[in-house]
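> Before I ask anything, here is the structure I am working with.
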Amino acid sequence: MRAPGFWQNPPSAPGLVAGMLRPLGMVYAAATGRRLARPGYEAKVPVICIGNLTAGGTGKTPTAIALLETLQQAHVVSRGYGGALTGPVRVDMARHSAADVGDEPLLLSAFAPTWVAKDRAEGVKAAEAAGARIILLDDGFQNPSVKKSLSLIVVDAERGFGNGLCIPAGPLREPVATGLARADLLLSIGPEEAQTRFESAWGHKITLPRMRGALRPLRMGMEWRGQRVLAFAGIGYPDKFFASLRDEGAELVRAVSLDDHQPLTDTLLRRLEAEANHLGAQLVTTEKDQVRLPASFRPKVLAFVVRLQIDDWSTLDKALAALDQA
């Protein structure tokens, strides 16, 4: 399901439809607040939550990967959106598919032991029992079942917090001020121009330490310039992926936007393959979508891999050092 266009209206002019839906958004926010008042399980090891305030993709998975590359003996706990397994179960790339555990956990399992659990508290307990020294909670900022040692809010600098209203009137899971008051750090992801616009629109709301980062292509020996590609993506905001390909010089002859986590059926893949052949184009998708492809189809599709580059790690380093001393 794609986000309504009015979600991205300026906060000063959210629009008629958003105004009509605003009372429902206030009900949604109140329900979130009541849920967060419940006490959660307190783990014996630090728990870092990578969350967001908005619905849709903000860059949580690249953020988790960036942290996992610096942390020792870390485990990941995820709800496993879209997966059939309720857990807690440790993800095994040799046995599990995205249909079993969800695409993000399958991808993250290549970097650290990853657990899927619909009950996040049970997932944290399983990770503790398996020897985790630190736990990354993939999403779950609005879930009270686990007490967080450190909460890092990730925001897409281009989209910011949208029109500033809660679902369904806007993209927010909870009001900006309320969410940021519970968080420890904010990471805005996007190019410099987007960071400047985000600062202008939302800087007055931000009182906690802020980091800045950007997604950069991982150099894997692939020359994208001049490559004719048919790109498809089932992520929160596919247009960001398509723009990145164009920035690398690829000739994007067709861009297919799928719903977030949309199943990649045989019918859909055969249609994409036939269209690519007709256009003389190479099929390309995101790293997260690639793990959802059937093994037999995977060799036909190139993955455009990005990694998060953070401008200054010192803010996060200080927060992590404080956890070690606690």
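The values are calculated or read from the model by the stated rules, or taken from the named source; none is laboratory data. From a predicted model like this one, the values you see are computed outputs, not experimental measurements. FYI the Cβ positions are ideal-geometry reconstructions off the backbone, even for glycines, and counts take in every protein chain you see.
> For Val17, are the conditions met, namely being modelled with pLDDT of 90 or more, over 16 Å from the mean Cα position of the chain (by Cα), farther than 19 Å from Leu150 by Cα and of a type in the set (Val, Ile, Thr)?
Yes.
> Follow-up. For residues in the stretch 229-245 being out of contact with any helix residue (DSSP H, G or I) (no Cβ under 7 Å at 6 or more places or on another chain) and assigned to a loop (DSSP other than H, G, I, E, B), which is modelled with the lowest pLDDT?
Checking each candidate, the answer is Gly236.
> Moving on to the next point. If only one of Gly80, Gly59 is surrounded by 22 or more Cβ atoms within 10 Å (Cβ to Cβ), in the same structural domain as Leu186 (by TED's automatic domain parsing), over 19 Å from Ala295 (Cα atoms) and in contact with a strand residue (DSSP E or B) (Cβ under 8 Å, 6 or more places away or on another chain), which one is it?
That would be Gly59, the only listed residue that is surrounded by 22 or more Cβ atoms within 10 Å (Cβ to Cβ), in the same structural domain as Leu186 (by TED's automatic domain parsing), over 19 Å from Ala295 (Cα atoms) and in contact with a strand residue (DSSP E or B) (Cβ under 8 Å, 6 or more places away or on another chain).
> List every residue pair whose Cβ atoms lie under 8 Å apart, where the two residues are 6 or more positions apart in sequence or sit on different chains, the first residue falls within the stretch 1-26 and is under 28 Å from Ala233 (Cβ atoms), and the second residue, located anywhere, is assigned to a loop (DSSP other than H, G, I, E, B) and among the charged types (D, E, K, R).
Listed by first residue and then by second, the contacts come to Met1/Asp259; Met1/Asp260; Arg2/Asp259; Gln8/Arg159.
> Kindly list the number of the only condition in (1) touching a strand residue (DSSP E or B) at 6+ places or on another chain (Cβ under 8 Å); (2) surrounded by fewer than 19 Cβ atoms within 10 Å (Cβ to Cβ) that fails for Leu268.
Going through (1) touching a strand residue (DSSP E or B) at 6+ places or on another chain (Cβ under 8 Å); (2) surrounded by fewer than 19 Cβ atoms within 10 Å (Cβ to Cβ) one by one, Leu268 breaks only (1).
> Please go through the stretch 293-313 and pick out each residue that is in a loop (DSSP other than H, G, I, E, B) and among the polar types (S, T, N, Q).
Passing the criteria: only Ser296.
> Shifting gears a bit: Buried (at least 18 other Cβ atoms within 10 Å of the Cβ), within 18 Å of Arg120 (Cα to Cα), of a type in the set (Gly, Ala, Ser) and in contact with a helix residue (DSSP H, G or I) (Cβ under 6 Å, 6 or more places away or on another chain) - does that describe any residue in the stretch 15-36?
Within the stretch 15-36, not a single residue is buried (at least 18 other Cβ atoms within 10 Å of the Cβ), within 18 Å of Arg120 (Cα to Cα), of a type in the set (Gly, Ala, Ser) and in contact with a helix residue (DSSP H, G or I) (Cβ under 6 Å, 6 or more places away or on another chain).
> Please determine whether any residue of the stretch 246-265 is assigned by TED's automatic domain parsing to the domain that holds Arg159, assigned to a helix (DSSP H, G or I) and free of Cβ contacts under 8 Å to residues at least 60 places away in the same chain.
no
> Go through (1) assigned to a loop (DSSP other than H, G, I, E, B); (2) in contact (Cβ under 8 Å) with a residue 60 or more places away in the chain; (3) surrounded by fewer than 22 Cβ atoms within 10 Å (Cβ to Cβ) for Asp92 and report which single condition fails.
Against the list (1) assigned to a loop (DSSP other than H, G, I, E, B); (2) in contact (Cβ under 8 Å) with a residue 60 or more places away in the chain; (3) surrounded by fewer than 22 Cβ atoms within 10 Å (Cβ to Cβ), Asp92 comes up short only on (2).
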